[in-house]
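**Student:** Handing you a structure now.
What follows draws every value from the coordinates through simple rules; no lab data is involved. The shown structure was predicted, so the numbers you read here are calculated from the model rather than taken from an experiment. Here Cβ is always computed from backbone atoms with ideal geometry, including for glycine, and neighbour counts include all displayed protein chains.
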Amino acid sequence: MVNIQSLDPTASPLDYYGWELRRQREAHGLKQSQLGDIIFCTGSLIGQIETTKKVPTRDFSERVDAALGTDGLFSRLIGLVLRSQLPNWFQPYAEMEAKAAYISTYQAQLVYGLLQTEEYARAVLSVENHSKVDEVVATRMERQRILMRAQPPALWVVLDEAALLREIGGPDVMRRQLAHLLSFGSNPWVEVQILPFRPGQHAGMMGSFNLLRFEDNPDLFYMDGYDQGHMTANPDVIKERSVGYARLQASALSPEDSARLITRVMEERYATQHRTEER
């Protein structure tokens, strides 16, 4: 068992969170089990978080703030903690994503991470993260909070039709994921277009990519790799990919026709009644 007194609060956001949680708990004269009773969790979970054995969630942090009267301290820390759990090579991109004024993305196989439901994200992320799936899912949900800001980034998403048909997590998960996509139809900052199979070859054949635009920084291009990502502000790359993205948008269905296709796939492929009739 790690002795939390040996933790260096300057070592990482997670170490600082655990160190501060214990300090605040003891300042209120509470045992781990007593704090657990107050915030409806086990004392064991409190201990695991205090010793960095477990990564806290935003819900946990908000409940601790309410219980200990810490004026939002842990709710402010949790964003840093969860971002620190991202792979080292992805953290620079996540930091820039959080600052972007405009995000445009093409996704070849999966629903874009910022638009994923929690259960869809869990199904995707559990493939490569068996031992810490809760942490990586919480981190992805935390990234989505940029869409809830008073001034969110403008987000334009082009999804390949394959993303609608690839059954992730089972039919029920897919149905709710597609319904979630449709819910953005009333969001003035988010547009979703579907690139149908019909055009054949297209400007996104190289794979998924993102373009970030900022108020005061150069544009960025980002593309995922298996064990690292590629991010560049090279003007030639930005120009080439911006033109390529414009071509993808031109080949894609309009947002209105895209919503109709999503609805049709949801009803015909993933509807409960349809599956019952097939059986």
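**Student:** So what's the Cα pair-distance distribution over the chain, bin width 5 Å, in %?
**Tutor:** Binned Cα distances yield the sequence 1, 5, 11, 14, 15, 14, 12, 9, 8, 6, 3, 1, 0, 0.
**Student:** May I pose another question? Per residue, how big is the convex hull of segment 230-272 when only Cα atoms are used? Give it in Å³.
**Tutor:** Dividing the Cα hull volume of segment 230-272 by its residues yields 102 Å³.
**Student:** With r as the distance between the Cβ atoms of VAL133 and ARG76 and R0 = 22 Å, compute the FRET efficiency 1/(1 + (r/R0)^6) and round to 0.05.
**Tutor:** 0.30
**Student:** Going from the alpha-carbon gyration tensor of segment 156-279, what semi-axes, largest first and in whole Å, does one get by taking the root of 5 times each eigenvalue?
**Tutor:** They are 31, 15, 14 Å, listed largest first.
**Student:** Loop sites only, by DSSP: take the chymotrypsin sites (Phe, Trp or Tyr not before Pro) in the chain that have at most 15 other C-beta atoms within 10 Å and name the longest stretch containing none of them.
**Tutor:** Longest site-free region, per DSSP loop and neighbour criteria: 90-188.
**Student:** On to the next question. Per DSSP H run of n ≥ 4, the term is -39500 (n - 2.57); total these for the chain, divide by its residue number, and report the mean residue ellipticity at 222 nm rounded to 500 deg cm²/dmol. Kindly include the intermediate steps, with their values, before the conclusion.
**Tutor:** Values: 13 runs with 138 residues, N = 279.
Using -39500 (n - 2.57) per qualifying helix, the result is -15000 deg cm²/dmol.
**Student:** Please compute, over every Cα-Cα pair in segment 1-149, the percentage with a separation greater than 18 angstrom.
**Tutor:** 60
**Student:** Taking loop as defined by DSSP and a crowding limit of 11 other beta carbons within 10 Å, which GluC sites (Glu not before Pro) in segment 167-249 fit?
**Tutor:** Those that pass, being in a loop and sparsely packed, are GLU215.
**Student:** Over all pairs of distinct alpha carbons, what does the Kirkwood formula give as the hydrodynamic radius of segment 4-84, in Å?
**Tutor:** On the way: mean 1/r = 0.0818 Å⁻¹.
About 12.2 Å for segment 4-84.
**Student:** What base-10 log of the normalised intensity I(q)/I(0) is obtained for segment 95-172 from the Debye formula, alpha carbons as equal point scatterers, at q = 0.21, 0.22, 0.24 Å⁻¹?
**Tutor:** -1.05, -1.11, -1.21
**Student:** Want the number for ARG166 to ALA101: 0.36 nm per residue separation, take away the alpha-carbon distance, what's left? Mind showing how you got there, number by number?
**Tutor:** Numbers: separation 65, 0.36 × 65 = 23.40 nm, distance 3.04 nm.
Difference between extended and current length: 20.4 nm.
**Student:** I'd like the trypsin sites (Lys or Arg not before Pro) in segment 166-244 restricted to DSSP loop residues with at most 12 other Cβ atoms within 10 Å, sorted by number.
**Tutor:** Hits after loop and neighbour filter: ARG166.
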